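Peer 1: Take a look at this one; I'll ask things after.
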Amino acid sequence: MKSFLSTLLSGCFLLLQLPLLAQGDWEVPRTGSGVADLQGVWTSATVTTLERDPVLGDRLVVDVEEALRLEQTAALNVLTNADNAPSDPDRLPPTDGNTDAGYNAFWIDPGTKIAEISGEYRTSFIVDPANGRIPYTAAARGAFLQYGQSSGYDGPEQRPLGERCIVGFGSSGGPPMLPVLYNNHYQIVQNESYVMILVEMNHDARIIRLNAERLPTKFSPWLGDSVGHWEGDTLVVETANFHPQQSFRFAIKHSLYLPSTAKVTERFTRTGPNEILYEFTVEDDGAYTQPWTAQIPMRTASGALYEYACHEGNYALP
């Protein structure tokens, strides 16, 4: 039985490598101006998370057998499989009184597979520090925990940004751009002067100015002020001047404290016909004990990107 399982897993691994073999003659597509063409609709959905489970220690990479096990035991995959199971027509009505049951497996799309980069199965997006955890300073960790424990709001202006549909939940619009429970698509459009990234969650448009001057520091736009340039075939984007209300970013799949003084450097590189390697480094001496770096694979998605309509016109927000 063990021999059969090993053979089966080896076969699965070889099948997964076929796309890599097919990329042997692939060349980076280019725009009319000669730079790498990043345009298209991409998804970052995956069960891999920003930070690594402490149980895994410094294990950034796992083998195919462990990757399959992690996929099968991922909490959202387990919940999705339970939701998709046939209903019991003889079950009694629920007794917990929960009326907030609008999100079952039909509505979510968190990803089902472990993130794979260069044939490696990753246990976290963070690659540095080695433990895969955000290296908060004591002061930043305390502020983050205090904010997370707060409850109650004086009015709608204090509700979370994602709940108010100002920006997406967590750090989906970024930067850094992180996958959430659903709507993990990004549409990239570019010309010689700009790169635009349309973020499905929450229909935010990131306008990246190429080879441009940074805005004066008195301007702190949502999603920060992004300026980009090309280094070979890699688009490098540096973002600063974040809006101070966007410092605490909470979502079901990640939580992140990123102060308005932080700097985020992103790198977008086409690594295959159906993939962009998205890398980013976050720096802030007051919030982190060291800069930290992460990598996320973005893969092509079929179909068009439709608008994420939130609760526009709904004035019942408590």
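Peer 1: Looking at region 168-190, can you tell me whether even one residue there is part of a loop (DSSP other than H, G, I, E, B), surrounded by fewer than 17 Cβ atoms within 10 Å (Cβ to Cβ) and in contact (Cβ under 8 Å) with a residue 24 or more places away in the chain?
Peer 2: Within region 168-190, none of the residues are part of a loop (DSSP other than H, G, I, E, B), surrounded by fewer than 17 Cβ atoms within 10 Å (Cβ to Cβ) and in contact (Cβ under 8 Å) with a residue 24 or more places away in the chain.
Peer 1: Here are some conditions: (1) loosely packed, with under 12 Cβ neighbours inside 10 Å; (2) among the aromatic types (Phe, Trp, Tyr); (3) not in a helix (DSSP H, G or I). Phe106 meets all but one. Which one does it not meet?
Peer 2: Going through the list (1) loosely packed, with under 12 Cβ neighbours inside 10 Å; (2) among the aromatic types (Phe, Trp, Tyr); (3) not in a helix (DSSP H, G or I), Phe106 breaks only (3).
Peer 1: Would you point out the residue of region 115-167, among those that are under 22 Å from Met201 (Cβ atoms) and among the acidic types (Asp, Glu), that is surrounded by the fewest Cβ atoms within 10 Å (Cβ to Cβ)?
Peer 2: Result: Glu157.
Peer 1: Residues that are at pLDDT 80 or above and touching a helix residue (DSSP H, G or I) at 6+ places or on another chain (Cβ under 7 Å), at least 2 per element: which helices (runs of 4 or more DSSP H) completely within region 1-99 meet that?
Peer 2: 64-73
Peer 1: Same structure again: Tell me which residues, restricted to region 212-253, are hydrophobic (A, V, I, L, M, F, W, C), under 16 Å from Val167 (Cα atoms) and part of a strand (DSSP E or B).
Peer 2: Phe248, Phe250
Peer 1: Do we have Leu198 as surrounded by fewer than 14 Cβ atoms within 10 Å (Cβ to Cβ) and not in a loop (DSSP other than H, G, I, E, B) here?
Peer 2: No, not satisfied.
Peer 1: Scan region 254-265 residue by residue and report those that are within 13 Å of the chain's Cα centre (by Cα) and outside any loop (DSSP other than H, G, I, E, B).
Peer 2: Ser255, Leu256
Peer 1: Could you list, in sequence order, the residues of region 117-133 that are among the aromatic types (Phe, Trp, Tyr) and outside any loop (DSSP other than H, G, I, E, B)?
Peer 2: Selection gives Tyr121 alone.
Peer 1: Have a look at Phe242, Phe248 and point out the one that is among the aromatic types (Phe, Trp, Tyr), in contact with a Pro (Cβ under 8 Å, 6 or more places away or on another chain), within 20 Å of Ala140 (Cα to Cα) and surrounded by 16 or more Cβ atoms within 10 Å (Cβ to Cβ).
Peer 2: Phe242
The values are calculated or read from the model by the stated rules, or taken from the named source; none is laboratory data. The shown structure was predicted, so the numbers you read here are calculated from the model rather than taken from an experiment. Virtual Cβ from ideal backbone geometry, glycine too; neighbours counted across all protein chains shown.
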